[in-house]
């Protein structure tokens, strides 16, 4: 869809024998050198869960195209989606699916990868497995988990990680976290994956639990089993681990990508980058 327009514009540029026509098809932020080398800026905004992965990929792209800058600003999936709708970015990053309202406004999601949501505790915490009921009861009623975990972290409203977590954690009565009117006082909000890891990993915080992207898990925290199943890529692919969500690229269905943004978008789906995504602990598109 997007590449057809780019091809047509490129052919038009060749037909008039000038690179000026080629540059004119961008949004004012992109231009090409006389040699045909890509140059300009690609603007990405959105999910903090996708930030580290996208920065690593962006560095690879910039190494190939020295005239390109990939600008990344991550303040949550909601921001990435709204920016895609308004024109505030070239590509939005969202770790949740689009709502019907966002689709109606022109947002379009393309899955880049699938990610698991890991439930994490301090490495010194003795808890190794939690159930959906335990998580639900702690977040909604403040009920301690296994006489050990009495505090919890949630992400902010609009976070794709929170949206997926609240939707997927369902107790045995069929009640999801997303249906709770409010969370217990023991639940604190953090505004990024990094902040969650910092709080969980702080020495002495053995009574605290939270959740982050599976691909963001480090030795600073411990991922626990959920309903007796390890948080692994293999278990997600088998359908045994219940907490997973998409990593989506969000485009505006009513606006074509600039040549440099289109080139970056296409690069994300090359075998090289899809294999890199796999190596980083995610499931390729």
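Observations on the model:
- 2 or more residues touching a helix residue (DSSP H, G or I) at 6+ places or on another chain (Cβ under 9 Å) and modelled with pLDDT of 90 or more: qualifying strands (runs of 3 or more DSSP E) within the range 1-106: 38-46, 67-73, 91-94
- Search result, residues across the range 197-234 that are without any contact (Cβ under 8 Å) to a residue 40 or more places away in the chain and under 21 Å from residue 133 (Cβ atoms): 229, 230
- Some residue of the range 264-273 being assigned by TED's automatic domain parsing to the domain that holds residue 163 and touching a helix residue (DSSP H, G or I) at 6+ places or on another chain (Cβ under 7 Å): no
- Condition check for residue 67: in contact (Cβ under 8 Å) with a residue 24 or more places away in the chain and surrounded by 20 or more Cβ atoms within 10 Å (Cβ to Cβ): no
- Breaking point among (1) buried (at least 19 other Cβ atoms within 10 Å of the Cβ); (2) modelled with pLDDT of 95 or more; (3) outside any strand (DSSP E or B), for residue 120: (3)
The values are calculated or read from the model by the stated rules, or taken from the named source; none is laboratory data. No experiment lies behind these values; they were computed from the predicted model shown. Reconstructed Cβ throughout: ideal geometry from the backbone, glycine too, with neighbour counts over all protein chains shown.
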